[in-house]
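Working notes for the structure below.
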Amino acid sequence: MKRFTNLFLELDRTNKTNDKVALLKTYFLSTPDEDKLWALALFSGRRPSRKIKTAQIQEWAIEQAGIPMWLFRESYHSVGDLSETISLVLPTNISASDKSLSEWFTYFLQLTKASDEEKKELIVQAWKQLSTYEIFVFNKLLMGSFRIGVSQTLVIRAIGEISDQPAAVIAHRIMGDWDPYTSSYQELIYGENNADVTSKPYPFYLAYGLEGEIELLGKPEEWFAEWKWDGIRSQIIVRNNEIYIWSRGEELVTEKFPELELLKTQLPSGTVLDGEIVCYVNERPLPFNILQTRIGRKNVTKKILSEAPVIFMGYDVMEYEGQDIRSLPQEERRSILEKIIQQTDNKELIKTSPILIFKEWDELKTLHLQSRENAVEGFMIKRKTAAYLTGRKKGDWWKWKVDPLSVDAVLIYAQKGHGKRAELYTDYTFALWDEGKLISFAKAYSGLTDAEIREVDRFIKQNTLEKFGPVRTVKPQLVFEIGFEGINLSPRHKSGIAVRFPRILNWRKDKKVEEADTLENLRVILTQYK
Amino acid sequence: MKEQKILTFNGNSIYCPEADVHIDPWQQVDRAIITHAHSDHARWGSKHYLAHKDSEAILRMRLGEDISLQTVEYGEVFFINGVKFSLHPAGHIIGSAQVRVEQNNQVWVASGDYKLQDDLFCTPYEAIKCNTFITESTFGLPIYKWAPQQEVIDDIKAWCFQNKLQGKNSVLMGYALGKMQRLIKNLLPFDQPVFAHGAIFNVNEKLRAAGFDLPYIPPVKDMDKKEFKGALIFATGSVLNTSWLKRFEPYATGYCSGWMAIRGAKNRKAIDRGFVLSDHADWNELNTAIVETGAEKVYVTHGFTDTFSQWLNEQGIEAAEVKTMYGEDETEEITKENETP
């Protein structure tokens with residue numbers, strides 16, 4: 001655990017990619033396989049679930065620290081992270097445990113069957129052997145909330161370099177369903193006896209946002225343009241007459257879309273397609289939040305199936321007839337894709353995302369303006385010669401999104417941020433006018449520069465009207481332009497309207513609070529774009 | 001019996017009505033006692049100042065060479081309008097003092113800023129028995145607990161060494177007054193060339209001229225870029241994200257402050273390394289200090305005033321919070337160090 005804690009601290013201290021890779025390599029080269037596997041699981045987001053109730057951990061921590069609950073809460077508000085708060089309030093110890101990362105996970109297994117008394121004993125004993133930073137990491141692991149500022153790509157790069165294998169191979173091997181409690185590092189990385197090879201997805205190729213004008217891409221004839229669908233980026237795998245659907249978050253979501261299961265008889269074995277799952281009715285996609293509600297449900301009922309049926313909007317193919325064809329040019333992959341989809345009988349379930357016809361960039365610009373009417377997010381622009389790459393790469397795939405919708409709204413509540421911004425007020429609630437009153441309509445966390453955040457923070461501290469726990473009511477004075485991607489009716493919101501991806505576009509210092517938009521303005525946008 | 005208010009609070013200073021003297025006033029007054037020379041305690045424009053003698057050099061530098069300033073030793077008793085005063089070490093920075101006021105057998109102590117850990121540069125804190133104690137609460141939450149100074153110094157040394165190995169300069173940041181001299185004294189002997197930011201150079205030279213035992217550290221500004229090779233540069237936090245740092249490339253930045261105890265505080269500043277080193281009392285020191293004074297009543301000033309006074313009340317120590325101008329907010333230390341004398 002000492003070594004892992006150190007790795008964590010060192011990674012936390014640098015934001016330079018090469019340093020991070022070097023640290024990861026050193027760790028993976030100097031650590032036993034069991035620990036490597038756990039580290040890999042943690043870095044790739046395979047956190048074991050929480051073993052214990054948060055309330056219990058807090059209770060034991062304040063008992064050990066000898067402080068009342070309210071003081072613990074105050075502390076938590078300042079720190080912004082529960083695991084860290086606990087590590088800081090507990091009595092300071094010198095690190096006295098030699099247990100490795102994997103041994104601690106084995107230790108956690110005892111919690112499953114333990115009584116509350118025994119659980120407490122196990123946790124408190126562990127805390128007593130660990131230093132402050134070790135307790136922090138321990139708590140994160142215990143609570144299933146371990147996150148770190150290292151992308152999976154970096155971990156893949158580090159392991160690729162030390163195991164002398166291409167990054168794409170490693171990326172492929174560590175995707176999918178594996179369990180650090182039962183898998184072995186050797187099998188996973190060196191790929192021997194991989195039983196679950198049939199379900200393994202390819203790493204997704206991710207596009208960058210278009211920088212500057214579209215003309216900068218060069219000749220229009222070298223590019224494909226498609227609509228950018230507002231759904232769930234997914235990969236459909238049909239191998240050995242089985243179907244697997246993976247989301248971009250590397251989750252196996254096959255069961256969430258039972259209607260798509262039919263495709264396993266429609267697509268030839270040895271096919272992997274990339275595309276978007278969208279709710280689609282009358283030749284039109286439904287808003288994203290309908291799909292979202294659907295995913296949130298435990299069971300997919302008949303009602304859902306009839307009201308919000310999904311289709312797979314295919315736009316690429318990575319595997320055909322059992323062969324990895326990612327290195328073929330986009331144009332060739334596209335014709336294979338069309339051929340595959342044409343051969344299916346069920347056009348209600350799968351479509352090819354249409355290629356838009358244009359000769360000049362100007363035509364595309366005109367078409368771009370119709371994005372919202374077509375309920376899409378804009379365009380994907382793909383170079384006809386592009387190979388299917390791994391991860392987010394610049395150059396061949398670009399997304400060209402529509403400008404966000406926006407309104408000018410008033411800051412009315414503020415709350416301190418978490419983690420990185422724990423002692424600043426960074427989480428804001430915004431309101432619009434409605435019959436002379438300000439009605440809250442959206443929360444936004446991002447969009448300001450650090451200097452602006454500090455300025456707003458100072459304003460908030462000096463203009464607090466009331467405090468409710470961590471929330472401050474702020475004198476309505478500051479106006480911000482709030483951008484958002486989607487808009488929908490929502491009975492759960494006070495305003496009756498929910499916006500998607502709200503964020504701060506501009507601080508409108510030029511606007512007085514009376515000049516902010518009204519809820520009526522928002523309703524007009526709703527009728528236009530729903 | 002009604003409590004006798006030897007000291008009162010009016011938002012701009014701590015005031016002794018009987019002696020007609022203000023402690024660390026923010027407004028301009030006739031007579032001011034200054035606990036220490038940091039700019040949120042030593043303000044410009046009062047007619048007569050009184051402070052510990054070790055504060056003199058910096059006070060004159062910051063408030064004007066010609067200010068009317070009387071200095072005293074620690075423990076030296078003086079009377080103002082018949083009220084008995086003495087200054088006692090606060091251990092915060094060089095010359096920092098607690099103000100002891102005695103009247104009708106009642107003793108009040110205004111402690112200014114203080115820490116209990118001996119930093120091996122300024123005179124260490126001494127507990128003063130009193131009836132009423134005025135305490136700061138900058139780090140008045142149980143999450144703030146300092147490691148022994150030597151551990152932090154060892155970490156800094158190891159960090160500088162590692163940077164040097166990687167061919168990098170180490171830029172170590174913190175307050176120009178107090179923190180930097182503490183670092184310089186404790187990091188000696190240096191195993192690399194050292195340089196100082198102008199603000200720190202000025203403070204150092206003033207103190208050296210006044211007879212304090214500090215090594216000469218050349219200022220950055222006259223140096224050729226070539227001199228900065230595996231060097232250690234002492235700088236104020238104000239240089240972060242400025243082009244001033246460019247000349248040190250490649251470099252790593254380190255920041256010394258109690259706020260660095262929290263990961264978020266460090267990450268937000270976009271510095272490479274945070275060192276938890278404070279000249280304020282941590283949670284345990286605050287509690288220890290208060291118990292050691294034996295005070296029946298505690299006034300809590302700047303910091304986590306409401307939280308810390310509630311805690312003291314629950315511990316059976318009568319406490320009340322007091323609004324002052326010292327350290328505007330709990331995040332103040334981070335933005336305040338921009339002071340350039």
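All of the numbers you see were taken from the coordinates with simple rules; none came from a lab. Here the structure is a predicted model, which means the values were calculated and not measured. Quick reminder, even Gly has a Cβ in these numbers, built from the backbone with ideal geometry, and neighbours come from all protein chains shown.
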Requested in this report: May I ask you to evaluate 6.51 cos²θ - 1.76 cosθ + 1.60, the Karplus curve with θ = phi - 60°, for each residue of segment A:99-104 and list the ³J(HN,Hα) values in order in whole Hz, giving x for glycine and proline?
Outcome: 4, 7, 3, 5, 5, 5
Report summary line: Going residue by residue through segment A:365-376, the Karplus relation 6.51 cos²θ - 1.76 cosθ + 1.60 with θ = phi - 60° gives ³J(HN,Hα) values, rounded to whole Hz and with x marking Gly or Pro, of 4, 4, 5, 4, 5, 8, 3, 5, 4, 8, 6, 10
Query - Phi-based couplings in Hz for segment A:322-339 (Karplus 6.51, -1.76, 1.60; Gly and Pro marked x) - result: x, 9, 6, 10, 5, 7, 5, x, 3, 4, 5, 4, 4, 5, 5, 4, 4, 4
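Per the helix-only calculation at 222 nm, which mean residue ellipticity applies to chain B, given -39500 (n - 2.57) for every DSSP H run of n ≥ 4 and division by its residues, nearest 500 deg cm²/dmol? Numbers along the way, then the final one.
Details: 8 runs with 78 residues, N = 341.
Computed ellipticity for chain B at 222 nm equals -6500 deg cm²/dmol.
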Query raised in the report: Using modelled backbone amide H atoms (1.01 Å from N, in-plane), which distant-in-sequence or interchain residues come within less than 5 Å of residue A:234's amide H?
Result: A:275, A:276, A:277
Query raised in the report: Taking the simple approach of a point 7 Å from Cα along Cα-to-Cβ for both residue B:68 and residue A:112, what is their distance in nm?
Result: 8.1
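Determine the gain in length on full extension of the stretch residue A:515-residue A:9; use 0.36 nm per residue of separation and subtract their C-alpha separation, reporting nm with one decimal. Kindly include the intermediate steps, with their values, before the conclusion.
Working: separation 506, 0.36 × 506 = 182.16 nm, distance 4.75 nm.
My answer for the length gained is 177.4 nm.
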**Report entry** Reachable lysines, given that their alpha-carbon falls under 21 Å from the alpha-carbon of residue B:297 and they are not under 8 places away in the same chain
**Finding:** B:2, B:5, B:84, B:115, B:129, B:323
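Return the calculated 222 nm mean residue ellipticity for chain A, to the nearest 500 deg cm²/dmol, obtained by summing -39500 (n - 2.57) across DSSP H runs with n ≥ 4 and dividing by the residue count.
On the way: 19 runs with 196 residues, N = 530.
Dividing the helical sum by the residues of chain A leaves -11000 deg cm²/dmol.
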**Report entry** Sites residue A:282 and residue A:363, calculated FRET efficiency, Cβ-Cβ separation with R0 30 Å, nearest 0.05
**Finding:** 0.65
**Report entry** Surrounding net charge for residue B:147, when Lys and Arg each add one and Asp and Glu each subtract one, Cβ distance under 11 Å
**Finding:** -3
Query raised in the report: Given H placed on each backbone N at 1.01 Å, which residues far from residue A:474 in sequence or on other chains put an amide H within less than 5 Å of it?
Result: A:413, A:414, A:465
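For segment A:372-530, what class follows from the C-alpha gyration tensor (a ≥ b ≥ c being the square roots of its eigenvalues): rounded when a/c is under 1.5, otherwise prolate if a/b is larger than b/c, else oblate? Walk me through the numbers on the way to the answer.
Details: a/c = 2.42, a/b = 1.48, b/c = 1.64.
Oblate is the answer for segment A:372-530, as a/c is 1.5 or above yet b/c matches or exceeds a/b.
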Query raised in the report: Points 7 angstrom from Cα along the Cβ direction at residue B:297 and residue A:93: gap in nanometres?
Result: 4.4
Report task. Treat each spin label as a single point 7 Å out from the Cα along the C-beta direction, and report the residue A:373 to residue B:226 distance in nm. Result -> 6.9
Requested in this report: Using the charge dipole of segment A:389-530 (Lys, Arg: +1 at Cβ; Asp, Glu: -1 at Cβ; taken about the Cα centre), state which of A:480, A:440, A:453 has its Cα farthest towards the positive end.
Outcome: A:453
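Given charges of +1 on the Cβ of Lys and Arg and -1 on the Cβ of Asp and Glu, with all other atoms neutral, how large is the dipole of chain B about its Cα centre, in debye to the nearest 20?
Details: 35 positive and 45 negative charges, 229 e Å.
Using only the charged Cβ atoms, the result is roughly 1100 debye.
Are there GluC sites (Glu not before Pro) in segment A:137-242 that DSSP puts in a loop and that have at most 14 other Cβ atoms within 10 Å, and which ones? Before the final figure, lay out each step's value.
Details: sites: A:161, A:187, A:192, A:211, A:213, A:215, A:221, A:222, A:226, A:242; in loops: A:192, A:211, A:213.
Those that pass, being in a loop and sparsely packed, are A:192, A:211, A:213.
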**Report entry** Under 13 Å from the Cα of residue B:53 - aspartates and glutamates, other chains or at least 8 residues apart
**Finding:** B:73, B:76
Report task. Kindly work out what percent of the DSSP beta bridges joining two residues of the protein assembly as shown are antiparallel, to the nearest 5. Result -> 65
Requested in this report: Can you spot the lysines whose alpha carbon is less than 18 Å from residue A:443's alpha carbon? Ignore those fewer than 8 places along the same chain.
Outcome: A:416, A:467, A:475, A:494
Report task. Starting from segment A:420-496, pick out the trypsin sites (Lys or Arg not before Pro) whose DSSP state is loop and whose Cβ has at most 10 other Cβ atoms within 10 Å. Result -> A:492
**Report entry** Sites matching GluC sites (Glu not before Pro) across segment B:45-119 that sit in DSSP coil, with at most 13 neighbouring C-beta atoms within 10 Å
**Finding:** B:65, B:73, B:76
Query raised in the report: Quick one: length gained pulling residue A:501 to residue A:327 fully straight, 0.36 nm per residue minus the C-alpha distance?
Result: 59.2 nm
**Report entry** Nonlocal amide H pairs with residue B:72, under 5 Å, H built at 1.01 Å
**Finding:** B:51, B:52, B:53
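Treating the beta-carbon of each Lys and Arg as +1 and of each Asp and Glu as -1, no other charges, what is the dipole magnitude of segment A:226-369 about its Cα centre, to the nearest 20 debye? List each step's numbers first, then the result.
Details: 20 positive and 24 negative charges, 109 e Å.
The dipole of segment A:226-369 has a size of about 520 debye.
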Requested in this report: With unit charges on the beta carbon (Lys/Arg positive, Asp/Glu negative), name the residue among B:162, B:276, B:302 whose Cα is farthest towards the positive pole of the charge dipole of the protein assembly as shown.
Outcome: B:162
Report summary line: For chain A, whose charge dipole is built from +1 on Lys and Arg Cβ atoms and -1 on Asp and Glu Cβ atoms, the candidate among A:374, A:214, A:521 with its Cα farthest towards the positive end is A:521
**Report entry** Förster radius 51 Å - calculated FRET efficiency between residue A:211 and residue A:468 (Cβ-Cβ, nearest 0.05)
**Finding:** 0.75
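Could you give the length gained by full extension between residue A:527 and residue A:128, i.e. 0.36 nm per residue of separation minus their alpha carbon distance, to one decimal place?
Numbers: separation 399, 0.36 × 399 = 143.64 nm, distance 6.02 nm.
Extra length from residue A:527 to residue A:128 when fully extended: 137.6 nm.
Pop the C-beta distance of residue A:356 and residue A:17 into the FRET formula with R0 = 41 Å and round what comes out to the nearest 0.05. If you can, show how the numbers build up before the last one.
Working: r = 36 Å, r/R0 = 0.87.
Efficiency, rounded to the nearest 0.05: 0.70.
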Query raised in the report: Rounded if a/c is under 1.5, else prolate if a/b is larger than b/c, else oblate: which is chain A, with a ≥ b ≥ c the root eigenvalues of its Cα gyration tensor?
Result: oblate
Report summary line: Per its Cα gyration tensor (rounded if a/c is under 1.5, else prolate when a/b beats b/c, else oblate), segment B:1-136 is best filed as oblate
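Suppose every K and R has +1 on its Cβ and every D and E has -1 on its Cβ; what is the size of the dipole of segment A:395-530 about the Cα centre, in Debye to the nearest 20?
Numbers: 23 positive and 19 negative charges, 94 e Å.
Around 440 debye, computed over segment A:395-530.
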